[in-house]
Structures are given as C-alpha cells and as structure tokens.
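Nothing in this text is a laboratory measurement; each read-out follows from the coordinates by a stated rule. As the structure is a computational prediction, the values presented were derived from the model and not from experiment. Cβ sites come from the backbone with ideal geometry, for glycine too, and all protein chains shown count toward neighbours.
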Amino acid sequence: IGFYSQQLQRISLVATLARIKERRINEDGRLSCIVEGVGRCYLEQVVSEKPYIKGVVRPFYDYTVSSDVLDSLERQIYEEIIANLKLMEMLNPGRSFSPSQALIENRPLMPAKGIRAIYFGDDLHDMKRRTKFSYAVMEMLRLTPQLKLSLLQDSLIERRYAKCLKVISSGSNYLREELRNKGLIVEDEGFLKLKSQIINEDLHADKFTQTNLVPENYVDGKWVQMATIM
C-alpha cells in the first residue's frame, strides 16, 4: 500500500506491507477489502508499470528506540529546565519562574529515593504523553520559528529531544556566565554543584510522608509511587 499516489501522480519508494483480513462485495458491485499492516517495504526495482505496477520489494524495519532511552532523555530535559528556572530566579531576585502547566502535566515519572515507581499505561498513552511533553518543552524554550519548524519536522522524537537538550545546554551556559559576572559562582565546578543541589532538592528529594505512604502502597518491602494515568 502506498507505492503509487493518485494525487501526486508519482511512485514513492517506501510502502506498507498489508494482509487482507476481509473481502466483501458492496451494493454497487464493487469489491472492497479490509487490510492490516504487517510491515514496511522498500521498492528496489520496477519490473513493469502496465497494466499495473509490478516491482521487486525488500522488507525493512522502521527505526525504533527503547523507552528507557527516551525516559532518560526526558528526565535530563526536565531536570535542566527546572534547574535553569531556579538559576534565573537567583539572577533576578524577587521574580518567580515556574514551568508551564503543560510541562508539569506531561513530565516523565521522576524517581524518588526509597520509592519504587509502578506505571500503569500503554504504548499509545506513552506516545501521546511524549508528544505533548516535547511540544511543552518547545513552548518553554521560546524557540525561533525556524528552529521550532525544524524540530516539528523531525519524525524521530529521540532526535527532537537531543536538539532540545542542545538548546537548553546553550541557555545553561549563558546563565553560568551571568552568575559568574555577578560573583555568585567562581568556577565551573561550583556551577555544576549548584545545579546538582537544585535538582536533588526540587526533583529527587523524598517529599513523601508517612501520611501518604499508606499500607496499600507498600510492595515487596518498598514504598511504591504509582502513576495511574491511563
């Protein structure tokens, strides 16, 4: 499915391998089929074009990345954004900087010391959350229209995250220089220590008390942090 585009009047190189699941004859006499995609294929050679296109194809697998890698990238992004917001508050006393509501609602599950995370979700939910998270990150960064467009055009969310991290790191370097100019830090080591302290206090500190660690959340000798969004 997809080698020939009637609208564009041209042959594409990549198509979907499909399996016919159901055939039926419509009231007007035409035959219709319900198909199921089972893979992807590459058009290696066109053998003939009439009366229909016949070619040699080679199956291939789309690029995928493990959820653990994406989780790690998301945590890095979220940690860096929170740290940068706190650093901006240090540079601008009396002003408050906070993450957007969209970023908070779609943030990754952050591990807490002594708390084991159990997640009840599925691949579709993860895909939607990651997409919303990446959009929220782009809004927080206030990117130029050109850079934002290049990120949106990237179909691989891993590369989109990597580009966002690069932008965030650039902002972090700017804040480091501003802190140094104001005498709030002296060396790079002090800056890294300050960021680590902010992250540990704001994101990884054990903020759970015995009142909200109820017996039902005690599993295999550990308290459990549950994310139940379906």
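Pairs from the table (LYS54/LYS163; LYS54/LYS128; LYS128/LYS166; LYS86/LYS128) lying more than 32 angstrom apart at Cα are LYS54/LYS163; LYS54/LYS128. For VAL35, the residues whose amide H sits under 5 Å from its own are LYS21, ignoring neighbours fewer than 5 places away on the same chain, with H placed 1.01 Å from N. Rounded to two decimals, the Cα radius of gyration of the range 130-193 over 2.2 N^0.38 Å is 1.37.
Determine, from the Cβ-Cβ distance of ALA102 and ARG142 and an R0 of 22 Å, the FRET efficiency 1/(1 + (r/R0)^6), rounded to the nearest 0.05.
In this case the efficiency is close to 0.95.
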